[in-house]
Amino acid sequence: MSEGYRIAVVGATGQVGTLMLALLRERGFPAREIVPFASERSVGRELEGGLIVQGLSDESVHGFDIALFSAGGSTSGEWAPKFAEAGAIVIDNSSRWRMQDDVPLVVSEVNPQAIEADAIEHGSRIIANPNCSTMQLVVALKPLHEEAGIERLVISTYQAVSGTGKRAVDELLDQSHAILHGREADPPDAYAHRIAFNALPHAGSFAAGDDHTDEERKLINETRKILEDPDISISATCVRVPVVNGHSEAVNVQTRRELSPERARELLREAPGVTVLDDPAAAVYPLAIEVSGQDGVFVGRIRRDPGHERALDMWVVADNLRKGAATNAVQLAELVHERGLISAYVQP
């Protein structure tokens, strides 16, 4: 048998799943076999590299070392435990497992220590990927939190339609084309209102009785879990904007101890996975259109909040499909490999 791992990619035909497959190849992950899984309508379809899509069944989950999931919460809820019980370490991109106590919620540059042999062997055998907007936020917050402690966050997100899926991307482009050519756009389908030339203060869904969307709740709860600080006060407003790809965030950070903009800039320049673009006089700051296709988190507009002596404002941008989802999942698989956790893993 050739060296390397046998890897399942569940949800392989979606936007994130397709990127996971590409990144496994691009980053040279040691895989002896990659098996793509998707819905029944995609079974038998040939993907790049000659991979043939398989269907999920009680028999097909066996024999894998790692399973990367990006297939939605219901699919993950049913099938991730089955892969784990069959011997795989599961890295899941859905919201299904993120807040479960025995599931580590991990960003590779922020809390890699959460992936330890003991947690894998005696936990659920599932590792969760955070939500895309949380992902880029905590990469930027980590060095500031370590230096000065974070007391309060006020976050406004400007989230691209690719975060909703291909249907939303097509809807934005179709509506924009119609309006620019003097035609009436079709009624909205992906969102409650037209997204073209608009901004919707409604990213995600409202649960019954909750005046925050699930995107806002994820941002609040996941940030506290990843930074291991339940005392951080967080206010979040998540907005969907007519941008194809790349999430942007305006973040107000109130720290527990003094932190100057200059020191924050220095810390961020040294932080893994962060690129500082901060020369506003020369119109240099992160832009969604420029970070799309890149794997890092980009930070700019770092400045003192004139209303509070211990607060800073900053602008955080990342590709929501790459670092916000697929890249981090593959980075977590790399961490599992580098730490020898698959060989240390207790097989059932």
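Annotations
- Which numbered condition ASP210 misses (of (1) open to solvent by less than 60 Å² (accessible area, probe 1.4 Å); (2) touching a residue at least 12 places away in the same chain (Cβ under 8 Å); (3) more than 12 Å from GLY163 (Cβ to Cβ); (4) out of contact with any Lys or Arg (no Cβ under 7 Å at 6 or more places or on another chain)): (2)
- Options ALA71, ALA31, ALA86: the member that is surrounded by 23 or more Cβ atoms within 10 Å (Cβ to Cβ) and among the hydrophobic types (A, V, I, L, M, F, W, C): ALA71
- Hey, THR13 within 22 Å of ASN320 (Cβ to Cβ) and assigned to a loop (DSSP other than H, G, I, E, B) or not: yes
- Condition check for PRO272 on (1) under 29 Å from PHE197 (Cα atoms); (2) under 22 Å from the mean Cα position of the chain (by Cα); (3) not aliphatic (A, V, I, L, M): one failure, at (1).
- Single unsatisfied condition, VAL169 versus (1) without any contact (Cβ under 8 Å) to a residue 24 or more places away in the chain; (2) part of a helix (DSSP H, G or I): (1)
- Hey, SER60 open to solvent by 10 Å² or more (accessible area, probe 1.4 Å) and either of a type in the set (Val, Ile, Thr) or farther than 27 Å from ASN221 by Cα (or both) or not: yes
- Within segment 263-292, if we keep just the residues that are in contact with a helix residue (DSSP H, G or I) (Cβ under 7 Å, 6 or more places away or on another chain) and in a loop (DSSP other than H, G, I, E, B), the residue that is nearest to GLY246 (Cα to Cα) turns out to be GLY273.
- Some residue of segment 230-239 being hydroxyl-bearing (Ser, Thr, Tyr), in contact with a Pro (Cβ under 7 Å, 6 or more places away or on another chain), surrounded by 14 or more Cβ atoms within 10 Å (Cβ to Cβ) and touching a residue at least 40 places away in the same chain (Cβ under 8 Å): yes
- Output for segment 256-295, where each listed residue is among the hydroxyl-bearing types (Ser, Thr, Tyr) and closer than 28 Å to GLN15 by Cβ: THR275, TYR285, SER292
The rows are residues; the columns are (1) in contact with a strand residue (DSSP E or B) (Cβ under 7 Å, 6 or more places away or on another chain); (2) open to solvent by less than 80 Å² (accessible area, probe 1.4 Å); (3) within 26 Å of ASN328 (Cβ to Cβ).
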site	(1), (2), (3)
GLY182	no, yes, no
ALA185	no, yes, no
ARG194	no, no, no
ASP214	no, yes, yes
GLU222	yes, yes, yes
ARG256	yes, no, no
PRO261	yes, yes, no
VAL274	yes, yes, yes
PRO286	yes, yes, yes
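- When residues of segment 89-119 are limited to those that are of a type in the set (Asp, Glu) and outside any helix (DSSP H, G or I), the one surrounded by the most Cβ atoms within 10 Å (Cβ to Cβ): ASP92
The values are calculated or read from the model by the stated rules, or taken from the named source; none is laboratory data. These figures come from a predicted structure and were not determined experimentally. Here the Cβ is made from the backbone with ideal geometry for all residues, glycine too, and neighbour counts use every protein chain on show. Each accessible area value is taken on the protein alone, full model and side chains, heavy atoms only, with ligands, DNA and RNA left out. Shrake-Rupley method; radii C 1.70, N 1.55, O 1.52, S 1.80 Å.
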